[in-house]
Amino acid sequence: MTMMLSAAEIEDLLANNGSGLTPDEYDEQPETEDVMKNRAALLTPVLETCQQLWDAKSDDLKLVAQKLGDGSRDVAWRIAFGESGILNFFLEINAAKSLSPDLQLHTLRLVGNSCADTDQNRARVVEADLFKPIMDLLEDESLTPVVVPVLYNIVVDYEPAQLHASRANLSAALIGRLAGPSIDEFAQLVTYMCKTLVLISGQDGEATRADPSTVRVLLGLANREPFSSDIEDFAILTSAAAAYLSMEEFQVRLISDGQLPLLLSAIKHANTVFSDVQDKDGEDLTALLKAMRSTFQQTLADVTAQDTFLKQYPLNDPVSSELFSWLNGANRPLRSAACLSLGNLCRSDATSKAMVQEHKAHEPLIKLIADPDARDAQELHAALSFLKNMAIPIDNKPALVDALEPTCVPRILALDSMPQVQFAAVSLIRLLLINSPNNAEAICSRWRSDGQVDESDTVQKLAELFKRSDTEPVKMEIARGILGLCRVVQSQPVQSVLKDIAEVNNFHDDEELRELFWKRYDFTEPLAYLVAQAKWPSVRSEAWFVFALICRSQEGSRALSKALEDEKAFSSLSEAVTGEQGMVTDVSEEAPTDAGLVPGGTSLQLEPQQIDPARQSDMARVDRENAVVMCQELLKHQPEDWPRRGALQALVSQGTRKIIEGKSS
């Protein structure tokens, strides 16, 4: 039997052969593999001493464990403790559950220090399946201050240990400790426990293994002293809660168990009690607060997106009333959170109508957007997105007309530094124009009597933004908005749509007014863009339908003839009519055919048709018929020497032939 080493000899061995460096210093001066192997070899008699003392049930083992625990603070010994078997020895005796308090304490110190920043040793804990015996020590309040950091050292930055901990139900054990009556005594451990929970939360299966009360416990602590008054404690508790609320199971449970008030209380606390942190506490806490607010907004958005939310909390419920109070208040982060959450509830026309007609949710939003000092991109985007959701039902559109005031949503068109906000504004304008002559009138009601373009002309601003924007979604929304306006002008009694213009210019004839409209604006590029693109076929189909309406006007026809000078647009027209890619052959090279007749002399008598969304299979047929109608109208209104005349005649000839073939098949 090898002679045992005394505790003093072990202390000297560790002191004389360690590095004496801090972890950062040690990382900057890496050691060779031979040095580390030699250090592990030095521990062979130490391991034998430990084994002999354990077998003899000697109290001296606790003194040796103390020296090893002290030595493990030197980063140079961590890998050596693992390679030599020292770590596994103490993991195994810990699992025996018969250690004296002192030996237990020093065993935990050795394990925790050995695993700090050392994946090799973390792997040993996992592979030996000796994690749970350490976790079980959480039940002993006297050991909790040591056990919690040890568990954290094992799982941090090492995913296999995180998964192992999740499967061992560590989160439930930690929640049990956090929910216990002694939590105030362990307040300094809350950070470690919550950081550990965040690490575990992302593991597969954690949602089903976690304690169902996890979120309630965490938010409950965050909302009470002493944790509610300390921003770091509050932030880590709410971050852990948010990590579990990223799982749908906990979102649904938060709603069904009536826990929403806890979340709203925490969000309000973060944005009121801690609202002045940036003025007194420096950059780190300011960044922490910003991250916390962002997390809260996302969490609330996720929860309110659940289908069960409105069933549990209808719009007249105190929870929803609290959100409406945020919307009408002056607190910017709370207002943004209300926009996101209430906007998520607008998933049906009935709810959207109630938002506008009963709760007047649009009024504070319009006021906010019209404020020239409102420049916060996140807040503006949230407000515009909420308005977009409320703008979908036709019955809501007239009530939202004030959003089209030049000082409101249209002012956003000039904010080129905020492309996402700009896109939301353009999209809202488009939605407000769809099937709404009232809003079309509002957007066209500010023409000067001298015929010049007014600075507040929103339609002109849209056309200008289309020219200068290089963002595809923005260009598409503008083009669609302009198309919607053109459709209203061409399909509605234009005396009501262009009422102000009619009065200023003393025009009473619809066609005169339409001619004036088309002379005023140059929509060449947006209209060409709609049919030249191939990404959204349904948008292109809508364009062919509206183009067929536009061409009935002399000036509208002229505007479209300019749009078709774009080669991509004309190629798209050719494809819509013929069903084939490539430019059409000029009619002069074909046998002459009356463009308005099918073989046999029968007139087609075509009219513009809108695509039925339920019959997308008809898209090609309807596109062809609308395109042929458009071509026929263009040929009526354009001069004989128009460069595209021959090509259009050929398209009409080919198109009518294909239409009649389709009808007879």
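Odds and ends about this structure:
- Filtering Glu607, Glu580, Glu565 for residues that are assigned to a loop (DSSP other than H, G, I, E, B) and at pLDDT 90 or above leaves a single hit, Glu565.
- Residues that are more than 20 Å from Lys636 (Cα to Cα), free of Cβ contacts under 8 Å to residues at least 60 places away in the same chain, surrounded by fewer than 23 Cβ atoms within 10 Å (Cβ to Cβ) and not hydrophobic (A, V, I, L, M, F, W, C), drawn from the stretch 530-581: Gln533, Lys535, Asp566, Glu567, Lys568, Ser571, Glu575, Glu580, Gln581
- The single condition among (1) surrounded by 22 or more Cβ atoms within 10 Å (Cβ to Cβ); (2) over 22 Å from His164 (Cα atoms) that Ser114 does not meet is (2).
- Filter pass, Leu285 being over 28 Å from Glu363 (Cα atoms) and either of a type outside the set (Gly, Ala, Ser) or surrounded by fewer than 16 Cβ atoms within 10 Å (Cβ to Cβ) (or both): yes
- Members of the stretch 413-458 found to be at pLDDT 90 or above, more than 21 Å from Lys367 (Cα to Cα) and part of a loop (DSSP other than H, G, I, E, B), listed by number: Asp416, Ser417, Ile434, Ser436
- Here Asp102 qualifies as surrounded by fewer than 20 Cβ atoms within 10 Å (Cβ to Cβ), in contact with a helix residue (DSSP H, G or I) (Cβ under 9 Å, 6 or more places away or on another chain) and under 19 Å from Gln66 (Cβ atoms).
- Condition met for Glu515 (surrounded by fewer than 18 Cβ atoms within 10 Å (Cβ to Cβ), touching a helix residue (DSSP H, G or I) at 6+ places or on another chain (Cβ under 9 Å), touching a residue at least 40 places away in the same chain (Cβ under 8 Å) and in a loop (DSSP other than H, G, I, E, B)): no
- For the stretch 625-665, a residue qualifies if it is among the hydroxyl-bearing types (Ser, Thr, Tyr) and farther than 22 Å from Arg540 by Cβ, and the qualifying residues are Ser653, Ser664, Ser665.
- Checking Pro393 against (1) at pLDDT below 90; (2) of a type outside the set (A, V, I, L, M, F, W, C); (3) in contact with an Asp or Glu (Cβ under 9 Å, 6 or more places away or on another chain), the condition it does not meet: (1)
- The residues of the stretch 627-646 that are assigned to a helix (DSSP H, G or I) and within 48 Å of the chain's Cα centre (by Cα), listed by number, are Ala627, Val628, Val629, Met630, Cys631, Gln632, Glu633, Leu634.
- The residue that is nearest to Gln29 (Cα to Cα), among those in the stretch 101-119 that are of a type in the set (S, T, N, Q) and in contact with a Lys or Arg (Cβ under 6 Å, 6 or more places away or on another chain), is Thr118.
- Positions within the stretch 59-75 being surrounded by fewer than 19 Cβ atoms within 10 Å (Cβ to Cβ) and either over 14 Å from Ile10 (Cβ atoms) or within 47 Å of the chain's Cα centre (by Cα) (or both), in sequence order: Asp59, Arg73
- Some residue of the stretch 69-82 being in a helix (DSSP H, G or I), in the same structural domain as Glu11 (by TED's automatic domain parsing) and of a type in the set (S, T, N, Q): no
- From the list Tyr192, Tyr158, the lone residue that is closer than 26 Å to Pro226 by Cβ, within 31 Å of the chain's Cα centre (by Cα) and modelled with pLDDT of 95 or more is Tyr192.
- Qualifying residue in the stretch 188-201 (condition: assigned to a loop (DSSP other than H, G, I, E, B) and of a type outside the set (S, T, N, Q)): no
- Scanning the stretch 492-519 for residues that are of a type in the set (Val, Ile, Thr) and more than 46 Å from the chain's Cα centre (by Cα) yields a single hit, Val504.
- Cβ-Cβ contacts under 7 Å between residues 6 or more apart (or on different chains), taken from a first residue in the stretch 31-56 that is in contact (Cβ under 8 Å) with a residue 12 or more places away in the chain and closer than 12 Å to Ile86 by Cβ to a second residue that is assigned to a helix (DSSP H, G or I) and among the polar types (S, T, N, Q), are listed as Arg39/Asn17; Ala40/Ser84; Leu42/Asn17; Leu43/Ser84; Thr44/Ser84; Leu47/Ser84.
- Pick from the stretch 266-293, criterion of a type in the set (Asp, Glu) and outside any helix (DSSP H, G or I), ranking: modelled with the lowest pLDDT: Asp281
- Residue that is nearest to the chain's Cα centre (by Cα), among those in the stretch 520-556 that are outside any loop (DSSP other than H, G, I, E, B) and among the acidic types (Asp, Glu): Glu542
- Test for Glu633: is it in contact with a helix residue (DSSP H, G or I) (Cβ under 8 Å, 6 or more places away or on another chain) and among the acidic types (Asp, Glu): yes
- Matching residues, the stretch 298-314, being among the hydrophobic types (A, V, I, L, M, F, W, C) and either over 20 Å from Leu334 (Cα atoms) or out of contact with any helix residue (DSSP H, G or I) (no Cβ under 6 Å at 6 or more places or on another chain) (or both): Leu310
- Flag if Arg487 is surrounded by fewer than 23 Cβ atoms within 10 Å (Cβ to Cβ), within 17 Å of Pro437 (Cβ to Cβ), within 35 Å of the chain's Cα centre (by Cα) and at pLDDT 85 or above: yes
- The stretch 413-429: number of residues that are closer than 17 Å to Pro372 by Cα and either surrounded by 16 or more Cβ atoms within 10 Å (Cβ to Cβ) or hydrophobic (A, V, I, L, M, F, W, C) (or both): 7
The values are calculated or read from the model by the stated rules, or taken from the named source; none is laboratory data. This structure is a prediction, so every number in the text was calculated from the model and none was measured. Quick reminder, even Gly has a Cβ in these numbers, built from the backbone with ideal geometry, and neighbours come from all protein chains shown.
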